[in-house]
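The values are calculated or read from the model by the stated rules, or taken from the named source; none is laboratory data. Note that the structure is predicted; figures quoted are calculated from it, not measured. For neighbour counting, all protein chains shown are included, and Cβ atoms are generated from backbone atoms with ideal geometry for every residue, glycine included. With ligands, DNA and RNA removed, areas are computed over all heavy atoms of the protein, side chains included. Shrake-Rupley method; radii C 1.70, N 1.55, O 1.52, S 1.80 Å.
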Protein chains: 2
Amino acid sequence: MSRRSLVLTFRFHSLLTPDHSLLGFMSSSSSLLADLIEALRCLPGVGGKSAQRMAFHLLERERERGLKLAGALEQAMRRIGNCSRCRNFSEDPVCSLCASTSRDRHTLCVVESPTDLAAIEQATGYRGQYFVLLGRLSPLDGLGPEELGLGQLNERLAEGEVEEMIIATNPTVEGEATAHYLAQLAHQAKVRPSRLAHGVPLGGELEYVDRGTLAHAFGSRQNVD
Amino acid sequence: MSRRSLVLTFRFHSLLTPDHSLLGFMSSSSSLLADLIEALRCLPGVGGKSAQRMAFHLLERERERGLKLAGALEQAMRRIGNCSRCRNFSEDPVCSLCASTSRDRHTLCVVESPTDLAAIEQATGYRGQYFVLLGRLSPLDGLGPEELGLGQLNERLAEGEVEEMIIATNPTVEGEATAHYLAQLAHQAKVRPSRLAHGVPLGGELEYVDRGTLAHAFGSRQNVD
């Protein structure tokens with residue numbers, strides 16, 4: 001290999017190899033900075049490069065807001081627990097949705113996670129109450145009726161106040177299995193179970209709807225009045 | 001308008017309007033959660049939706065790492081200052097790059113920001129020292145020679161140790177103006193100024209290189225030995 005092609009090889013090598021030296025350099029420069037960059041990677045969707053960009057951005061321009069974020073994070077991580085009644089995130093023993101007197105106590109919507117609750121609360125005009133499973137039936141992951149608080153849900157149904165239980169689990173295999181189980185619970189407690197409608201989403205084009213959804217929507221077509 | 005078209009109008013309206021109710025709902029649900037979501041928006045590239053996703057992710061799965069992030073953030077925001085010699089971020093009065101005895105004290109690389117310093121340190125084998133301007137000459141933004149620490153840079157050059165000053169400002173209009181000013185400083189102090197080479201970037205295709213860069217690269221073509 002001539003000297004020139006060696007130089008070229010080296011150049012292209014350093015062009016193509018990924019950035020392994022990042023944290024190594026950072027830690028030699030400032031260990032607090034390296035700690036911050038490493039810690040920022042716990043955020044979903046944030047890798048080494050974004051973490052570095054975030055750290056520099058905060059240090060250069062947003063120290064005040066960075067400190068506020070540190071405080072908010074610590075408070076939230078330490079003090080937010082779960083509502084004793086619906087298992088949603090709450091800093092109080094009973095969350096404001098459960099404590100509210102203006103929400104309808106005759107309908108109960110069962111969701112898998114607080115994120116789903118937030119989505120329903122933001123999108124719909126639902127004014128009833130919720131129960132959050134914090135998971136779905138998944139025996140392989142060790143998630144059975146116990147872990148999902150179904151005993152607690154059963155007690156709630158047995159109180160006799162709930163008339164309709166809206167099952168809003170995700171339309172995945174495990175979500176469907178959970179929905180099936182929940183419907184049985186409701187029947188036993190003489191509560192009317194209902195489910196979110198499946199069908200073609202609004203604002204899309206039939207051409208791009210997946211086959212399973214389209215077949216379902218076709219099969220459960222509804223009369224136009 | 002018939003009742004049915006009213007319902008349809010309402011449906012499409014709620015489909016199309018953006019999500020204004022997010023923080024409203026969040027704050028009614030848990031104010032610590034709302035605070036956290038709001039605070040996360042100080043991160044670059046993070047809007048309401050991502051902030052919500054991050055907050056739920058941390059609360060559901062990563063409380064420990066979330067607390068660690070809070071600690072790292074607070075430490076970094078409070079304790080990282082600027083090196084008294086090169087103005088780079090540092091938690092000590094003099095940063096490790098300036099304090100190092102293994103770095104060449106005869107070359108000084110001048111960059112606009114700590115991010116640029118990090119990029120050069122990661123990409124090149126440069127073993128000299130740095131000076132960070134923390135900005136660029138921009139009279140309209142109130143950034144003059146004073147704010148960029150050029151007096152301090154002058155003293156550094158007057159010490160007589162520096163032989164070459166590598167000017168690595170950004171190739172923008174303001175960066176070029178700053179580079180011009182810096183070159184004059186160097187000449188006055190009898191230090192040899194040099195600049196990063198401009199030209200076509202490695203690994204790209206000529207077809208997609210912008211016209212200015214291509215014209216420059218063509219004009220400053222180099223002999224092949």
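Pair-distance distribution P(r) for the protein assembly as shown, from all Cα-Cα distances in 10 Å bins starting at 0: 4, 15, 20, 19, 14, 12, 10, 5, 1, 0 percent. Here r is the Cβ-Cβ distance between A:Asp92 and A:Glu164 and R0 is 41 Å; the resulting FRET efficiency, rounded to 0.05, is 0.95.
Taking chain A as the reference, fit the longest principal axis to its C-alpha atoms, fit the long axis of helix A:63-79 to the helix C-alpha atoms, and give the angle between the two in degrees, 0 to 90, nearest 10. It works out to around 40 degrees.
Measuring from each Cβ of chain B to the axis carrying B onto A, the nearest residue and its distance in whole Å come out as B:Ala70, 2. So for chain A: antiparallel DSSP bridges make up what percent, rounded to the nearest 5? If we restrict to bridges inside chain A, about 20 percent are antiparallel.
Helix B:31-40 and the longest principal axis of the Cα set of chain B meet at an angle near 30°. Annotation for segment A:30-89 versus segment A:91-148: alpha-carbon center distance of 26 Å. In chain B, the inverse of the mean reciprocal separation of distinct Cα atoms equals 22.3 Å; this is its Kirkwood hydrodynamic radius.
How many percent of the alpha carbon pairs in segment A:102-219 exceed a separation of 21 Å? Don't jump to the answer; show the numbers that get you there.
Numbers: 2905 of 6903 pairs.
Cα-Cα pairs in segment A:102-219 separated by more than 21 Å: 42 percent.
What is the calculated FRET efficiency for B:Arg41 to B:Asp141, with r their C-beta to C-beta distance and R₀ = 30 Å, to the nearest 0.05?
Numbers: r = 24 Å, r/R0 = 0.81.
FRET efficiency, B:Arg41 to B:Asp141: 0.80.
Calculate, in nm to one decimal, what B:Asp104 and B:Leu202 gain on full extension: separation in residues at 0.36 nm each, minus their alpha carbon distance. Intermediate results must be reported in sequence, preceding the final value.
Numbers: separation 98, 0.36 × 98 = 35.28 nm, distance 2.76 nm.
Result for the pair: 32.5 nm of gain on full extension.
Compute, for A:Ser100, the solvent-accessible surface of its heavy atoms (probe 1.4 Å) with the complete set of protein chains present, and express it in square angstrom to the nearest 10. Looks like 30 Å² after rounding. Taking amide hydrogens as placed 1.01 Å from N in the peptide plane, the amide H of B:Ser90 sits under 5 Å from those of B:Gly81, B:Asn82, B:Cys83, each at least 5 positions away in sequence or on another chain.
Loop-located GluC sites (Glu not before Pro) across segment B:153-225 with a Cβ neighbour count of 16 or fewer within 10 Å are B:Glu159, B:Glu161, B:Glu163, B:Glu205, with loop assigned by DSSP.
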